[in-house]
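Visitor: Handing you this structure, nothing more for now.
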Amino acid sequence: MINMSIRWRLIFLSTVSVFIMFGFTVNEVLKNDKKMNHLEATRIKVEALQSFNAVSSGAYQWLVLSKDSPEKGPLFLELQAEVDRLAHYEIQLQQFDNSWTVEPQLIELKSVLKKLARVTTSIDSDASQITVSNAQQIERAFDLLKGVLMELSEYRANIVDEKISQTDAMFINLTHYVFWTQREAWLSYRLYRSPELIDQYLLSYVGALERQQQLLGTFLRSDSHSLEISKLLNMFSQDEFQDRFTSRLLKGDFSAPEIYEHVESLERKKLAISKAVGAYTDQLKFDLTKNIALQKRQTAVMTLLILVVSGALLWLGVATSLRLNRNLSIILKGVSECADS
């Protein structure tokens with residue numbers, strides 16, 4: 001009876017130790033899995049923002065192309081394909097947060113683009129061909145793009161790594177800056193084709209400028225010391241022509257050639273920002289991929305280590321139990337023989 005009691009106590013203690021270690025392992029694995037989910041969601045969000053940049057840029061290029069351009073049709077097909085790709089990323093992000101969605105905006109955006117493609121495929125030399133309805137559809141497309149950008153920007157994952165978090169924030173701000181630069185370029189182009197519409201577009205133009213200034217202030221206040229940001233800030237500080245022209249445009253004092261030069265300046269500016277966005281994208285993807293791989297390795301090593309320790313404890317408990325069982329049997333047998341004699 002004593003023999004059985006001691007043996008079962010040892011087995012119980014060994015089993016409890018194993019269960020404690022197993023519970024600790026499961027808890028750590030779940031924590032690492034949660035971290036990996038946040039990192040993976042951020043990686044997908046970065047790719048979604050890349051896709052958004054392609055959609056926004058493609059829409060702008062498609063709108064300003066002449067309807068006689070052979071690139072018009074293929075560019076529209078590419079634009080539709082990119083919207084579909086963005087919708088695919090939206091579905092992936094929903095798997096991490098099913099309360100978040102931009103599906104309605106993307107569906108409507110695709111519908112608006114199709115309507116524009118059917119009615120008019122360009123702004124040509126006769127500005128009167130751009131009807132009020134078409135202008136409203138174009139403005140609606142920009143509103144939808146802005147809404148999608150805001151939703152993607154606000155999709156936040158809990159990232160512990162401060163470097164990744166800062167790079168992610170700067171990447172988002174740069175993406176916004178590209179969008180609002182394109183917005184200004186589009187409005188400038190409309191004024192180039194139809195200067196008499198200055199009153200209609202003035203408020204939107206001022207809004208685009210204010211948003212750029214806010215983002216520029218964010219860059220100046222940031223702790224980023226990257227070469228790309230330094231180049232951008234230097235370029236913006238030297239852009240005297242744009243500053244002078246913007247001031248005159250707001251007063252209604254401008255000419256078509258000046259607007260055209262301004263649009264070209266904005267295109268160069270957009271290319272420079274896009275390079276910075278590309279650099280931040282590559283860095284962010286690299287950091288995310290490295291951290292995801294690190295979390296996977298940590299999970300695998302921890303799981304293996306705990307399993308080995310648990311197995312060793314279980315084996316030690318069973319072996320000790322069997323050894324004590326044999327020794328106790330011998331002792332009890334000896335005591336019994338002494339008692340009989």
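Visitor: When Lys and Arg each count +1 and Asp and Glu each count -1, what net charge do the other residues less than 14 Å away from Met302, Cβ to Cβ, add up to?
Guide: Numbers: positive: Lys31, Lys35, Lys296, Arg297; negative: Glu28, Asp33.
Net local charge, Met302 excluded: +2.
Visitor: If each residue of separation counts as 0.36 nm, what is the full-extension length gain between Arg156 and Arg297 once their alpha-carbon separation is subtracted? Can you show the working numbers first?
Guide: Values: separation 141, 0.36 × 141 = 50.76 nm, distance 2.48 nm.
48.3 nm is the gain from fully extending Arg156 to Arg297.
Visitor: Can you sort Glu264, Glu82 so the residue with the fewest Cβ neighbours within 10 Å comes first? Spell out each step's value before the answer.
Guide: Working: Glu264 12, Glu82 19.
Going from least to most buried by this count: Glu264, Glu82.
Visitor: If each residue of separation counts as 0.36 nm, what is the full-extension length gain between Tyr260 and Ala117 once their alpha-carbon separation is subtracted?
Guide: Working: separation 143, 0.36 × 143 = 51.48 nm, distance 2.48 nm.
Taking Tyr260 through Ala117 to full extension adds about 49.0 nm, to one decimal.
No value in this document is a laboratory result; all are computed from the given coordinates. All figures in this text were calculated on a predicted structure; none of them were measured in a lab. Here Cβ is always computed from backbone atoms with ideal geometry, including for glycine, and neighbour counts include all displayed protein chains.
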